[in-house]
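Presented below is the structure to which this report refers.
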Amino acid sequence: MIDSEQHTYIDMIAREARRPVATDRAARERIMTLVRSEPAPHRRSSVWAAIFQPRFSLSPAVSTLLAAGLVGIGVIAGAFAMNRDGHQVGQPRFAAAQRLPVSDTVVKFVFVAPQAEHVSLVGDFNGWDASKTPMVRSEHSGLWTVTLPLPEGRHLYAFVVDGNSWSADPNAPFAPDDGFGHANSVRIVNRGS
Amino acid sequence: MKRSSLRSLPLRAGALLCLAAVPAVAQETDPFNKLDPNNRFSIELMIDSARNAGLPSDALRSLALEGIALKIDGKRIVDRVRREFTLLRTARTTLGPVSDEEVKAAAAVLNAGAKPAQLAAFKTREQGRSDLQAFTIWADLITRGVPSEEASSAISKLWEDGADDAIFYGLWKSVQTDISQGLNPGAALQNRIRETPVRTPQSKGAPPEG
């Protein structure tokens, strides 16, 4: 086939393709009615779509309340799941109920403070946090005690009386001045001591 | 934006905040956040340096936490941590490859006022013998007012004679009692050191609890 014949056929096909098609108006309406009555196609589900393309709607007030509730739950759950050092807690606080690591030894601390309302133990084993190891007062005495597991080695500690007064243990060796104007004591924990 | 999207915006924001809440709580409770960023950086740098130098970096962290708990000025905490770093390094250099606990105890002795040369007597020891109790009593005696030279001499002599933990503890208990009754600290040590029996390491009993 030569080029001029090929162009002629192409032109014919193009003309035919461009020619308007006469359709029955009633038939077109019937088709469109059927299309509109079909449900929308199901979208592919994903986590992203679930969060950002919700298929329900709430009033702004209800949405805000719900959001505040979720944040509250998150904060409370976070506070329970983490201790003050940001480490997870899931164990009881005191020695007697704790499962000890193999190398730890249960050590008892005793402090006499008859006038105190509250005494806690701070040291290098609890990040010097007075809220972590409160001591228990023996009934009808000024004796405050606590037991806790400590790893073998040398430990610095002090007692915090009523939340503000730091005292060294009078029955243990003193540590040198910590540089902060407070006295600490030293407890050496040997395996099996 | 569609009306439905606007309505659910707080809900989406809440869900994202909820997911972020747990780590945020953990971050807020890090005690080091209470420090000025520059001081915090200085302390963390020293802790890293100590770790890299094979020094017990937990001693520096503990010291910083103690300062934070006592609400001490950040600059003062940095100075004290820096001093402790130097003491730990000196103790490690003097004693050689001993345990981290012994390095910390030796640093306390230096902090109390002993000289590095006085620590050198503890460089060699029988296998398994620990100088933790000796260092602890040594530091305590100086802290209670016993002159550094006298305390160093007495503790070194006992150590060389093979004294065990019980002997060091017994000496401390006696001297502490005498001092609390008003005796001069130096005299109390001199009196008690004369009557302190020295046992060989083979005959040592169970060490007392400090």
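The values are calculated or read from the model by the stated rules, or taken from the named source; none is laboratory data. Treat the numbers as computed from the prediction; the structure is a model and nothing was measured. Glycine also receives a Cβ, built like all others from the backbone with ideal geometry; neighbour counts cover every protein chain displayed. Quick note on the areas: whole protein, heavy atoms, side chains included, nothing else; ligands and nucleic acids left out. Shrake-Rupley method; radii C 1.70, N 1.55, O 1.52, S 1.80 Å.
Quick one: how many residues across the range B:99-109 are buried (at least 24 other Cβ atoms within 10 Å of the Cβ) and at the interface with chain A (Cβ under 9 Å from one of its Cβ atoms)?
Number of matching residues: 4.
Hey, B:Ala163 hits all of (1) modelled with pLDDT of 85 or more; (2) part of a helix (DSSP H, G or I) but one; which does it fall short on?
Failing condition for B:Ala163: (2).
Please enumerate the residues belonging to the range B:148-172 that are open to solvent by 20 Å² or more (accessible area, probe 1.4 Å) and within 12 Å of chain A (Cβ to nearest Cβ).
B:Ser148, B:Asp165, B:Ala166, B:Tyr169
Given the conditions (1) at pLDDT 90 or above; (2) open to solvent by less than 30 Å² (accessible area, probe 1.4 Å); (3) part of a loop (DSSP other than H, G, I, E, B), report the number of the one that B:Gly145 does not fulfil.
It is condition (2) that B:Gly145 fails.
Output the residue which, of all residues in the range A:162-191 that are assigned to a strand (DSSP E or B), open to solvent by less than 40 Å² (accessible area, probe 1.4 Å) and of a type in the set (Gly, Ala, Ser), is nearest to B:Val175 (Cα to Cα).
Taking the candidates together, the pick is A:Ser185.
So, of the residues in the range B:124-142 that are part of a loop (DSSP other than H, G, I, E, B) and open to solvent by less than 40 Å² (accessible area, probe 1.4 Å), which turns out to be nearest to the other protein chains (Cβ to nearest Cβ)?
Applying the filter and picking the extreme gives B:Asp131.
Does B:Ile77 meet the test of being closer than 21 Å to A:Ala168 by Cβ and crowded, with 21+ Cβ neighbours inside 10 Å?
yes
A:Gln115 fails exactly one of the following numbered conditions: (1) of a type outside the set (Gly, Ala, Ser); (2) away from chain B (no Cβ under 14 Å); (3) not in a loop (DSSP other than H, G, I, E, B). What is the number of that condition?
Evaluating A:Gln115 over (1) of a type outside the set (Gly, Ala, Ser); (2) away from chain B (no Cβ under 14 Å); (3) not in a loop (DSSP other than H, G, I, E, B) leaves (3) as the failure.
Considering only the range A:163-179, state which residues are modelled with pLDDT of 90 or more and facing another protein chain (nearest Cβ under 8 Å).
Result: A:Trp166, A:Ala172, A:Pro173, A:Phe174, A:Ala175, A:Pro176.
Residues checked against (1) surrounded by fewer than 20 Cβ atoms within 10 Å (Cβ to Cβ); (2) at pLDDT 70 or above; (3) more than 7 Å from chain A (Cβ to nearest Cβ):
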{"residue": "B:Arg3", "(1), (2), (3)": "yes, no, yes"}
{"residue": "B:Leu9", "(1), (2), (3)": "yes, no, yes"}
{"residue": "B:Cys18", "(1), (2), (3)": "yes, no, no"}
{"residue": "B:Asp30", "(1), (2), (3)": "yes, yes, no"}
{"residue": "B:Arg51", "(1), (2), (3)": "yes, yes, yes"}
{"residue": "B:Leu55", "(1), (2), (3)": "no, yes, yes"}
{"residue": "B:Ala64", "(1), (2), (3)": "no, yes, yes"}
{"residue": "B:Glu84", "(1), (2), (3)": "no, yes, yes"}
{"residue": "B:Arg92", "(1), (2), (3)": "no, yes, yes"}
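A quick yes/no check of all residues on (1) modelled with pLDDT of 75 or more; (2) assigned to a loop (DSSP other than H, G, I, E, B):
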| position | (1), (2) |
| --- | --- |
| A:Arg15 | yes, no |
| A:Thr23 | no, yes |
| A:Ala27 | yes, no |
| A:Trp48 | no, no |
| A:Pro54 | no, yes |
| A:Leu66 | yes, no |
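Does A:Met32 satisfy being open to solvent by less than 80 Å² (accessible area, probe 1.4 Å), in a helix (DSSP H, G or I) and modelled with pLDDT of 80 or more?
Against the criterion (open to solvent by less than 80 Å² (accessible area, probe 1.4 Å), in a helix (DSSP H, G or I) and modelled with pLDDT of 80 or more), A:Met32 qualifies.
Among B:Ala114, B:Ala121, which is in a helix (DSSP H, G or I), of a type in the set (A, V, I, L, M, F, W, C) and either at positive phi or surrounded by 15 or more Cβ atoms within 10 Å (Cβ to Cβ) (or both)?
B:Ala121
I need the full set of residues from the range A:138-161 which are more than 14 Å from every other protein chain (Cβ to nearest Cβ), assigned to a strand (DSSP E or B) and surrounded by fewer than 17 Cβ atoms within 10 Å (Cβ to Cβ), in order please.
Within the range A:138-161, A:Leu143, A:Thr145 meet the criteria.
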